[in-house]
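**Q** Right, I'll just put the structure down here and ask away after.
Taken together, the values in this text are just the output of simple stated rules run on the coordinates, not laboratory data. Being a predicted model, the structure only gives us computed values, none of them experimental. Here Cβ is always computed from backbone atoms with ideal geometry, including for glycine, and neighbour counts include all displayed protein chains.
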Amino acid sequence: MEIILQPDAAAAALLVARVIAREIRRKPNLVLGLATGRTMEAVYAHLARLHRAEGVSFAACRTFNLDEYIGLPPEHPASYRQYMNRHLFSKVDIDLKNTHLPDGTAPDLQAECLRYERWIVECGGIDLQLLGIGRAGHIGFNEPMSALRSRTRDKTLMRSTLEQNAAMFGGEPDQVPHRAITMGVGTILESRRCLLLATGQEKADIIAKALEGPITSRVTASALQLHPHCTVVVDHAAAAHLEEVEYYRWIFESEPEWHNFKEN
Ligand code: GLP
């Protein structure tokens, strides 16, 4: 795992967008794993700008989102399908046929989860998986105690997750669907590269646990310590409780991959 420190949330989001843009330029038919949440909005805004200003093309990309609420039709404004349409898909040249989210209205959820896993494999596996982190340490909707080898499945959400995500449901946690389909921790660990972005002081505690604490299903993001190629980008606020910050700064200074990213 490599941890990259950036001065603030804007610089961190820009760095993540530039990594994604570079990977798309290297491999135009990239299979991209996508995440939702407020943190990602700035990343998608940068990708839309890079598409307009620098011609980064999503035309041959395939995308797989981490998760979707159960029971919300894709046209519901709070569905993750609508989130993706709003923040990214409508702003770039992606073919909607190549964008995939689990179907939270499927009559047979188990069959839908199997179908999603199969589809990822048929597309050749995920090249680059973008990740945020929930305050309880979840990646996707893998709430505490999710098996670290879990696959795409339906999951009951924690009360704190409902509270965090209530804004899109009129501020009412009880209006947030209580269940979701999510890629499993095992599914995420199979992607070729993971790129996690966390910003803001409210993530500082959980980032320290996930990155420098023990690997435990209580904090499912800690499983990323097992991933052979995982980059975590944090701003200073989210890095506030990390212990090895001097080394992380040194990584950004020293690793050839980051030489072209310094002018942020
Ligand atoms: C939701 C998503 C997660 C995301 C998290 C963080 O719970 N399912 O994938 O990481 O939100 O959200 P935010 O960026 O708003 O803190």
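**Q** Count the net charge of all other residues whose Cβ sits under 11 Å from the Cβ of ALA106, scoring Lys and Arg as +1 and Asp and Glu as -1.
**A** Details: positive: ARG115; negative: GLU68, ASP103, ASP108, GLU112, ASP154.
So the surrounding residues net to -4.
**Q** Taking the Cα centre of the chain as the origin and placing charges on Cβ (Lys, Arg +1; Asp, Glu -1), which of CYS230, ILE207, MET145 is farthest toward the positive end of the dipole?
**A** The residue sitting most towards the positive pole is CYS230.
**Q** Could you work out how much longer the chain between ALA111 and LYS27 gets when fully extended? Use 0.36 nm per residue separation minus the Cα distance between them, nm to one decimal.
**A** Values: separation 84, 0.36 × 84 = 30.24 nm, distance 3.12 nm.
Result: 27.1 nm gained on full extension.
**Q** Does the stretch 110-251 classify as rounded, prolate or oblate by the C-alpha gyration tensor (a ≥ b ≥ c root eigenvalues; a/c under 1.5 gives rounded; else a/b over b/c gives prolate, otherwise oblate)? Walk me through the numbers before you get to the answer.
**A** Details: a/c = 1.99, a/b = 1.17, b/c = 1.70.
Oblate, because a/c is 1.5 or more while a/b does not exceed b/c.
**Q** Between HIS178 and GLU163, with labels modelled 7 Å along Cα→Cβ, what's the label distance in nm to one decimal, could you check?
**A** Distance between label points: 1.8 nm.
**Q** While we're here: Tell me the net charge near ALA10. Cut-off is 13 Å between Cβ atoms, ALA10 excluded, with +1 for each Lys or Arg and -1 for each Asp or Glu. Kindly include the intermediate steps, with their values, before the conclusion.
**A** On the way: positive: ARG18, ARG49; negative: ASP8, GLU41, ASP235.
Taking every Cβ under 13 Å from that of ALA10, the sum is -1.
**Q** Could you work out the local net charge near ALA59, counting Lys and Arg as +1, Asp and Glu as -1, over the other residues with Cβ closer than 10 Å to its Cβ? Let's see the in-between values first.
**A** On the way: positive: none; negative: ASP93, ASP95.
Local charge sum for ALA59: -2.
**Q** Could you pull the Rg and Dmax for the chain, using just the Cα atoms, both in Å?
**A** Rg then Dmax for the chain, in Å: 17.3, 51.
**Q** Sticking with this one: Given Cβ point charges of +1 (Lys, Arg) and -1 (Asp, Glu) and nothing else, what value in debye, to the nearest 20, does the dipole of the chain about its Cα centre take? Don't skip to the end; give the middle numbers.
**A** Working: 29 positive and 33 negative charges, 111 e Å.
I would put it at about 540 debye.
**Q** Highest GNM mean-square fluctuation, the chain, Cα pairs closer than 10 Å: which of CYS123, CYS113, CYS230?
**A** Checking each option, the largest mean-square fluctuation is seen for CYS123.
**Q** Which number gives the lysine pairs in the chain that have C-alpha atoms under 30 Å apart and are eight or more places apart or on different chains?
**A** For the chain, qualifying lysine pairs total 10.
**Q** Right, here's the next one. Would you mind checking the stretch 44-78 for residues with the amide N under 16 Å from a putative spin-label position 7 Å along Cα→C-beta of ASP93?
**A** 47-62
**Q** Next question, about the same structure. Once a ≥ b ≥ c are taken as the square roots of the eigenvalues of the Cα gyration tensor of the stretch 9-155, is the result rounded (a/c under 1.5), prolate (a/b larger than b/c) or oblate (a/b not larger than b/c)?
**A** Numbers: a/c = 1.60, a/b = 1.43, b/c = 1.12.
In terms of gyration-tensor shape, prolate.
**Q** Ok, one more. If packing is taken as the average number of other Cβ atoms within 10 Å across a peptide's residues, how do 158-165, 218-225, 99-106 rank, most packed first? Walk me through the numbers before you get to the answer.
**A** On the way: 158-165: 16.9, 218-225: 22.2, 99-106: 20.4.
Packing proxy ranking, top to bottom: 218-225, 99-106, 158-165.
**Q** While we're on this one: Kindly provide the helix-only [θ] at 222 nm of the chain, computed as the sum of -39,500 (n - 2.57) over DSSP H runs of four or more divided by all residues, to the nearest 500 deg cm²/dmol? Intermediate values should be presented prior to the final figure.
**A** On the way: 8 runs with 87 residues, N = 264.
Counting only the DSSP helices, I get -10000 deg cm²/dmol.
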